[in-house]
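Just so you know, all these numbers are worked out from the coordinates, no wet-lab data involved. As the structure is a prediction and not an experimental result, all values here were calculated from the model.
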Amino acid sequence: MLAGYALLDGKLVSSRFYPEAIGAQLANVPRNTFHLWNDYDLPMHLTAGGGAQFVDSRAARSTSPTDPATGLAKRAPGYWVFNAMAKYPLTDRLDLQLNVYNLTDKYYYDQIQPAHIVPGPARAAMAGVKFKFSTGDARLLAIANSRLVDARAGGAGPADARPSRLG
């Protein structure tokens, strides 16, 4: 299980140009964030995982936290997003994996700016194959790469290195 929490008290502490904004929450800095993720080993070598992410409300700007025309605070509301994963090993080193993001298809504001907002991504899925390398694989790749480089330079690789005869 992975979990994390952050409490950020991000406030504007000084400003030459906007002294009235001193003490305002920094733009796009949520006071609270939280995430949780857990994987479960299921029968038939299947692994399933799920998690949640919470982001607290955020101010749109630090320099003037309220709209001068309406007096209302320009803020993005907080949100929860839930994600899931399923993984099946095809071999000892090869896994098939499916991730689904934003399971509830929650519409939320990922970022809020003074003049525009950036919505968070809608529900999405991604499938892929994951290959696990070992230390030996890294050595083999390094040797293969050095032979490829030597072959391009006209040699056959480190094993073919011979002393040259000088005139």
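Here are a few things to note about the model shown:
- Per-residue extension of 0.36 nm, minus the Cα-Cα distance of T33 and L98, leaves a gain of 20.8 nm for this segment.
- Semi-axes of the equivalent ellipsoid for the range 1-68, Cα gyration tensor, largest first, Å: 41, 10, 6
- Computed over the range 1-142, the Cα gyration tensor eigenvalues convert (square root of 5λ each) into semi-axes of 42, 18, 14 Å, ordered from largest to smallest.
- Spatially proximal aspartates and glutamates relative to K132 (Cα-Cα < 19 Å; intrachain offsets below 8 disregarded): D39, D41, D92, D95
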